[in-house]
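Here the structure is laid out as structure tokens; the discussion comes afterwards.
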Amino acid sequence: MENPKIQQQKAEKVSARPEPEVTEALIRIMDRDVKAGRKVVAGLMRIKGISWAMSNGIMISLKISPTKRIGELTKDEIKKIEEFIRNPKLPSFLLNRRKDVDSGEDLHLTGSDLDLRKEFDIKLLKKIRSYRGLRHALGLPTRGQKTRSHFRENKKSRLTVGVGGKKPAASGGK
């Protein structure tokens, strides 16, 4: 049993905390639903293409408190975040597409743009018949991993290797 005085102090601390006003359960940021109870750093990481470092960079650049929750953001702050993600002003090492093949610029892609660009890059590798492209085409690892014991499962085109049953004897007709 705790001392009644300590219990009273704890109750006062809990009652003194301001309750965050969460109006919606989900907040839409960059075509992605994010739970309103998450902290902003963690919530931004739910968007495809936003890493922890990028999320922290956004928070620092826009001067948003790291303890703030997604549900506490105003509509103006959400618009600022979305605009910043579309056109980030961060060092190039935080961006996910440095020195783009087509334009030569440093870009940051998110969502379906990231998926499409990755798919086109793999198609280009296959088209020019590079080593990585051939490995992608064969469904093998592209980064130098050993293949003796791994990368055998979940391949639909490959047949199972093992002992087969008896083949039916062909009747010769004698």
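Bear in mind that the values in this text are calculations on the coordinates, not laboratory data. This one's a predicted model, so the numbers in the text were calculated from it and none came from an experiment. Note that each Cβ is placed from the backbone with ideal geometry, even for glycine, and that neighbours are counted across all protein chains shown.
The table that follows gives values for the structure above.
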quantity	calculated
Subset of K80/K123; K48/K127; K146/K167; K48/K80; K75/K99; K39/K89 violating a 29 Å alpha-carbon distance limit	K80/K123; K146/K167; K75/K99
Potential extension, D113-I6 segment - 0.36 nm per residue separation minus Cα distance	33.0 nm
Cα extents of segment 22-93 along the three principal axes, largest first (Å)	36, 22, 20
Volume in Å³ per residue [convex hull over Cα atoms, computed for segment 94-138]	85 Å³
Per-q log10 I(q)/I(0), segment 1-150, q = 0.10 Å⁻¹ (Debye; single scatterer per alpha-carbon; no solvent)	-0.55
Farthest positive-ward along segment 94-138 dipole, Cα basis, beta-carbon charges - from L109, L125, L94	L125
Packing-based exposure ordering (other Cβ within 10 Å, fewest first) of H108, H136, H150	H150, H136, H108
Difference of contour (0.36 nm per residue) and Cα-Cα distance, H150 to A169	3.2 nm
Residues L116, L125 arranged by fewest to most Cβ contacts within 10 Å	L116, L125
Amide H partners (placed H, <5 Å) of I29, local residues excluded	V34
Burial ordering of M45, M54, fewest other beta-carbon atoms within 10 Å first	M45, M54
